[in-house]
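K.L.:
One structure follows; several queries about it will come next.
The values are calculated or read from the model by the stated rules, or taken from the named source; none is laboratory data. Predicted model only: the values in this text are computed from it and were never measured. Glycine gets a Cβ as well: all are built from the backbone with ideal geometry, and neighbour counts include every protein chain shown.
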Amino acid sequence: MMVRSGNPAMRFGTLTSAAMLLLLGGGGTGWTQSAPPALGLQEQGSTPAPSAPPAHEENPGLINEMGKLFDKLPSILPPIKSPSETMNDLSRLAKPSTMVSARVVCPVSSNGAPDCKQAADQLCQGKGYKEGKSLNADSAEKCSAKVLIPGRQRKPDDCRTDTFVTSALCQN
């Protein structure tokens, strides 16, 4: 029987019901088929040999796949920590720190990039702390006085870009 309705919600509900019926295996019945009837004459008095019950095959539906996922879940998730273990982890992460501001030039490292970690450490050590992490940086172009000469062509080595740490997070 086919139900057709002009109401889209009714059609969606019918479609959803049909899909769930297919996924769940038809309300508990399997997809097995019985053997076709024999096309020949049978002798009187003989009964057909009882056939073995069909083996139940695993239904690869949504519910079965979700069950497999839940079986694998404990091996995927990290172990649950006790409250004291969690507090110990947080205390190791949350070291007391202070933000300081100044202007320290980042030295150029061997690969040509500015080393602002060294500048942040230098800034924090100047304020009495052990080490620091750069929070803000600034760049400025520094040129020689030769670029101010009228009519002179600018050369590649006339200017350089300096990077400065302007604030850092300092820790003991």
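K.L.:
Run MET87 past the list (1) more than 30 Å from GLY126 (Cβ to Cβ); (2) exposed (fewer than 10 other Cβ atoms within 10 Å of the Cβ); (3) at pLDDT 60 or above and report the number of the one that doesn't hold.
P.N.:
(2)
K.L.:
Do you know which of the residues in the stretch 131-144 that are surrounded by 14 or more Cβ atoms within 10 Å (Cβ to Cβ) and of a type outside the set (S, T, N, Q) is nearest to PRO156 (Cα to Cα)? Spell out the reasoning first.
P.N.:
Of the stretch 131-144, the ones surrounded by 14 or more Cβ atoms within 10 Å (Cβ to Cβ) are 131-135, 137.
Remaining after also requiring of a type outside the set (S, T, N, Q): 131-133, 135, 137.
Working: GLU131: 36, GLY132: 34, LYS133: 32, LEU135: 31, ALA137: 24 Å.
Among residues in the stretch 131-144 that are surrounded by 14 or more Cβ atoms within 10 Å (Cβ to Cβ) and of a type outside the set (S, T, N, Q), the one nearest to PRO156 (Cα to Cα) is ALA137.
K.L.:
What pairs can you find where one residue is in the stretch 100-121 and on the phi > 0 side of the Ramachandran plot, the other is loosely packed, with under 12 Cβ neighbours inside 10 Å and part of a helix (DSSP H, G or I), and their Cβ atoms are less than 8 Å apart, with a gap of 6+ or different chains?
P.N.:
Pairs that qualify, where the first residue is on the phi > 0 side of the Ramachandran plot and the partner is loosely packed, with under 12 Cβ neighbours inside 10 Å and part of a helix (DSSP H, G or I): there are none.
K.L.:
Hey, among the residues in the stretch 104-130 that are in a strand (DSSP E or B) and more than 32 Å from the chain's Cα centre (by Cα), which one's surrounded by the most Cβ atoms within 10 Å (Cβ to Cβ)?
P.N.:
Filtering the stretch 104-130 for residues in a strand (DSSP E or B) gives 104-105, 108, 114.
Next cut, more than 32 Å from the chain's Cα centre (by Cα) only: 104-105, 108.
On the way: VAL104: 20, VAL105: 15, VAL108: 13.
The selected residue is VAL104.
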